Amino acid sequence: ITSAQGRTMSFFDIDRVEILKGPQGTLFGRNATGGLVHTVIAKPRLNEVEGYADLSYARFDEINGQGAINLPLGSQAALRSSVLYSKIDDFWENEYPLGASGSNPVLSFDGPGGNSVGAVLTPNGQDLGGDETTAGRLQFLYEPTEALSLRLTASYSKSDMSISPYSQEATIAVVDAQGRVTGEQRVSPTETRIAIGPGGSNYVGPTVLVEDMLQTHVDAL
């Protein structure tokens with residue numbers, strides 16, 4: 001599991017966590033040369049009824065709940081079911097309003113091909129940071145003899161996560177005298193210019209250059 005996805009994992013119904021130093025490639029593969037953190041889930045237990053439940057509530061309607069139950073099925077089999085649910089509402093306030101400056105199309109420079117019409121889009125105004133995760137695990141253990149043990153595991157997880165709260169911010173394009181986007185600047189959410197033109201003026205679009213473009217075309221002829 002790559003780090004990008006691993007950081008969002010929810011651990012539940014854990015038996016223990018082992019910190020293993022040194023190369024562990026024999027058991028865990030070639031990428032465990034420096035050791036690893038080994039998370040061991042709780043497994044079904046024969047002839048034992050047990051379980052647990054945890055539930056917490058916090059700001060932004062944050063709910064965290066998990067639980068498990070272990071049920072013996074005769075003397076040679078057992079079933080263990082584990083569930084998790086966590087939710088939190090958006091807690092990063094988006095101060096970049098819908099329709100703020102920068103949402104209108106401006107010319108963008110695309111290299112040797114020249115100018116082409118591009119768009120600088122605003123976010124849609126929603127707050128960010130929310131998350132909702134549901135996960136479950138079902139295990140079946142069968143031990144017909146002391147020398148034979150079979151364990152079947154089925155796992156499920158689904159997460160609905162907000163986009164990164166750092167991926168969008170209030171910016172404005174910087175446009176040169178030829179109408180090409182040459183950079184951008186961070187601005188306050190109250191910025192009123194469509195784009196920053198030469199000398200810091202408001203850039204209102206390519207129509208201001210039409211007369212100069214026509215004269216240049218006539219001179220060329």
Revision key, fill the gap. Each label sits 7 Å from Cα toward the beta-carbon; between R16 and T39 the label points are separated, in nm, by 1.8 nm
**Study point:** Packing-based order for 81-89, 41-49, using average beta carbon neighbours within 10 Å, highest first
**Key:** 81-89, 41-49
Practice item. Please give the peptides 15-28, 55-68 ranked by average Cβ packing (other Cβ atoms within 10 Å per residue), highest first, as a rough proxy for protection. Key: 55-68, 15-28
Review point. Given H placed 1.01 Å from N in the peptide plane, which residues other than close sequence neighbours of V204 have an amide H under 5 Å from its amide H?
Key: none
**Study point:** Table column - 3J(HN,Hα) (Hz), segment 154-159, Karplus curve with 6.51, -1.76, 1.60, x for Gly and Pro
**Key:** 10, 10, 9, 8, 9, 10
Practice item. Please work out how much length the chain gains when fully extended from Q126 to L46, using 0.36 nm per residue of separation minus the C-alpha to C-alpha distance, in nm with one decimal. Key: 23.8 nm
Review point. Direction-averaged shadow area of the convex hull around the Cα atoms of segment 44-95, nm²?
Key: 4.1 nm²
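No lab work stands behind these numbers, since they all come straight from the coordinates. Note that the structure is predicted; figures quoted are calculated from it, not measured. Backbone-built Cβ (ideal geometry, glycine too); neighbour counts: all protein chains shown.
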